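Okay, structure first, notes after.
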Ligand code: NIG
Ligand code: FE
């Protein structure tokens, strides 16, 4: 039996292929996709003669790029934390609010009390909002359930987001996000519990990776190591919230497990950078959290660049430290606050973000890669990083299927 291949052609586009880790600009370009794969990229004038296609889209000179990859989000939760914003403006710190029982614990209480439908509908609206800003691949963490039943429930909700939106959704188990109240004063017992839950989450196919929060208000390096040992025993890749509020050596620890990424990194040391470089661990910068918490300690971008560590950028969308729903805004912040170049910001939300999810086949416009695309009302891709507070994404294409906001 022969299978019918659907051929879609986009013509008269200004392409930014990002091939060769440069802009890869092609004036009056064309791109052919067969089913969910890109099969041809070049100038419109060089299109093969006699090409037969099922759909043809004239982009009229619009910019066409790889779809964006948001590789660090906490999208599944209930409740509101904007009162904490007010408290922080009056002088309370993120850490003080967390130690007083607010912060992540507040969201855990609201999330546990919410129905599956409420959790799904909230996360769905956020996923659609991110898609409207050009995102085609999304990572979603658990971490507001903090019991086996509630972590599994949040991950099941996350698994439903892909079919509902057309986005590729990668899920990450983050039960070691905070200590739930029923384990007060017993963090090691909680880690025992987390270690015992991972096989069940894995057996149900709920997690593509395992994450933890290694910090003064999270878990110690020794506790993190136990979570990572359990992940490794299951063959699951790891990543880590590391060096956000203090230097715990978390990035080096994560790198010693071959972590996909170490995330936040404001307090990253030279040893951490060297370990990440040796392990191929991506540096995931989260300028939304830095901005919203009004942090002042900058991640060591120049040293990461000098060492050749791949740098990615994500929203870290969550209700507390980064209630952001625009990846292009994070690109702008990564440039203005962290001094990434616009090209570095682009590579950070495409190729390097895909690498941080272990996805080799996306992030560039190149034959053989997945046809995840974004079209923009822009002349040059750097405009996306330079401007903010606007919404120039006119369409995304998800595995070859067009979707207009
Ligand atoms: O990535 N730092 C830990 N986790 C989240 C914040 C979660 C929250 O405040 O609800 C982060 O910033
Ligand atoms: Fe986070």
When the label point is put 7 Å from the Cα of residue 80 along its Cα-to-beta-carbon vector, which residues of the range 89-109 have a backbone N closer than 19 Å?
89-90, 102-109
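Return the FRET efficiency for the residue pair residue 216, residue 109: r is the Cβ-Cβ distance, R0 is 25 Å, and the value is rounded to the nearest 0.05. Write down the numbers at each step before the final one.
Working: r = 22 Å, r/R0 = 0.88.
Step by step, r from the Cβ atoms, then E = 0.70.
Order these by the 10 Å Cβ neighbour count, fewest first: 377, 142, 269. Display every interim value, and only then the final one.
Values: 377 12, 142 29, 269 16.
The most exposed by this proxy come first: 377, 269, 142.
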Please work out the FRET efficiency for the pair residue 377 and residue 341, using the Cβ-Cβ distance as r and a Förster radius of 30 Å; give the result to the nearest 0.05.
0.85
Among DSSP bridges having both ends in the chain, what percentage is antiparallel? Round to the nearest 5.
45 percent
So the angle from the long Cα axis of helix 270-279 to the longest Cα principal axis of the chain, reported in degrees to the nearest 10, equals 50 degrees
Residue 95-residue 270 pseudo-label distance in nm [points 7 Å out on the Cα-to-Cβ vector]
2.5 nm
With an 8 Å Cα cut-off and a minimum separation of 6 or more residues, compute the relative contact order for the range 302-405 in percent.
22 percent
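According to the square roots a ≥ b ≥ c of the eigenvalues of the Cα gyration tensor, what is the shape class of the range 293-357, taking rounded for a/c under 1.5, prolate for a/b larger than b/c otherwise, and oblate for the remainder?
Numbers: a/c = 1.74, a/b = 1.26, b/c = 1.38.
It comes out oblate by the Cα gyration axes.
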Angle between the chain longest axis and helix 116-132 axis [Cα atoms, degrees, rounded to 10]:
40 degrees
Name the most mobile residue of 42, 235, 348, meaning the one with the largest mean-square fluctuation, in a Gaussian network model of the chain with Cα contacts below 10 Å.
235
Distance-filtered residues of the range 149-178 - backbone nitrogen under 20 Å, label point 7 angstrom along residue 121 Cα→Cβ
153-166
Least to most buried among 393, 214, 170, by other C-beta atoms within 10 Å and fewest first, runs 170, 393, 214
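With the contact rule set at Cα under 8 Å and sequence spacing of 6 or more, what percent relative contact order holds for the range 68-356?
Details: 617 pairs, mean separation 50.8, N = 289.
This gives 18 percent for the range 68-356.
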Quick calc: nm separation of the 7 Å Cα→Cβ label points for residue 51 and residue 404 -> 2.2 nm
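If you take all C-alpha pairs in the chain, what percent of them are over 31 Å apart?
Numbers: 29213 of 81810 pairs.
That fraction is 36 percent.
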Once the Cβ-Cβ distance between residue 186 and residue 305 is put in as r, and R0 is 41 Å, what FRET efficiency do you end up with, to the nearest 0.05?
0.45
Would you compute the Debye intensity of the range 279-405 from its alpha-carbon atoms alone, equal scatterers and no solvent, and pass along log10 I(q)/I(0) at q = 0.09, 0.11 Å⁻¹ to two decimals?
-0.26, -0.39
For the chain, take the longest principal axis of its alpha carbons; what is the angle in degrees between that and the long axis of helix 148-165, to the nearest 10 within 0 to 90?
10 degrees
Square roots of five times the Cα gyration tensor eigenvalues for the range 166-303, Å:
24, 18, 15
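So for the range 26-164, averaging the separation of alpha carbon pairs under 8 Å that are six or more residues apart and normalising by length, what relative contact order in percent results?
Values: 143 pairs, mean separation 38.3, N = 139.
About 28 percent, as a whole number.
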If you average the alpha carbon positions of the range 297-354 and of the range 74-104, how far apart do those two centres end up, in angstrom?
23 Å
Taking only DSSP H segments of four or more residues, each worth -39500 (n - 2.57), what value at 222 nm results for the chain once the sum is divided by all its residues, to the nearest 500 deg cm²/dmol?
-10500 deg cm²/dmol
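FYI, it's all coordinate maths here, none of it is from the lab. From a predicted model like this one, the values you see are computed outputs, not experimental measurements. Quick reminder, even Gly has a Cβ in these numbers, built from the backbone with ideal geometry, and neighbours come from all protein chains shown.
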